[in-house]
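Structure first, then comments.
The values are calculated or read from the model by the stated rules, or taken from the named source; none is laboratory data. Every value quoted in this text rests on a predicted model; they were computed, and no experiment measured them. Using ideal geometry, Cβ is built from the backbone for each residue, glycine included, and neighbour counts are taken over all protein chains shown.
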Amino acid sequence: MRTYVTRRRLTRTPGAGLGLAVLASAAGLVALTQPTAAAAGVPAAKGVPWSAHHGTATASGGRWTERGDSSLFPALVVRGELKNTGAGCYSVWVQWTYDLAPGPARKHVTQCGPGTAPVDYRLPSYSPTTTGSLFVCKGDKDTADCAPRESLTSWPVGMPPTGTR
């Protein structure tokens with residue numbers, strides 16, 4: 001007499017992989033929209049530092065994300081100061097690119113002569129396809145004489161390299 005053993009076929013439900021991908025994407029978005037320690041009252045110096053300088057002016061501070069004005073994306077907060085030690089005027093400008101379309105550079109603060117001026121900017125909805133930069137320019141009218149741009153949207157991913165691999 002023959003004995004038959006029934007075997008179960010292992011099959012995947014169509015779309016199961018897609019469900020996992022959607023779940024992973026949603027988890028990443030939730031992590032992106034959560035407030036950081038800096039947003040919970042830690043001073044700007046504790047955020048991701050940024051700095052730019054040109055001529056006798058230096059702009060520096062910190063940047064972080066916090067709960068945004070929209071329900072989907074966080075806000076990007078940029079805080080610091082523009083310090084000028086010389087006689088001329090210097091300005092902090094910011095330029096954003098949304099979905100690969102660059103917007104115009106906009107002046108945010110100017111300091112003429114020695115002194116400091118606060119840099120305080122909030123992008124209400126910071127999506128994954130938004131990039132931006134901050135730069136210091138001589139004068140207060142245009143971006144003809146400027147320092148290299150400082151990225152406002154690159155984030156530390158892990159520990160910085162400490163040696164060769």
Looking at 97, 58, 85, 36, which is the one that is over 18 Å from residue 134 (Cα atoms), surrounded by 11 or more Cβ atoms within 10 Å (Cβ to Cβ), among the β-branched types (Val, Ile, Thr) and at pLDDT 50 or above?
85
Could you tell me which of the residues 71, 51, 91 is surrounded by fewer than 19 Cβ atoms within 10 Å (Cβ to Cβ) and modelled with pLDDT of 95 or more?
51
Filtered residue count, region 100-118, keeping only those that are surrounded by 13 or more Cβ atoms within 10 Å (Cβ to Cβ) and of a type in the set (Gly, Ala, Ser):
2
Filter region 119-140 down to the residues that are in contact with a strand residue (DSSP E or B) (Cβ under 6 Å, 6 or more places away or on another chain) and outside any strand (DSSP E or B), then identify the one that is surrounded by the fewest Cβ atoms within 10 Å (Cβ to Cβ).
124
Given the structure, is residue 64 hydrophobic (A, V, I, L, M, F, W, C), in a strand (DSSP E or B) and surrounded by fewer than 20 Cβ atoms within 10 Å (Cβ to Cβ)?
no
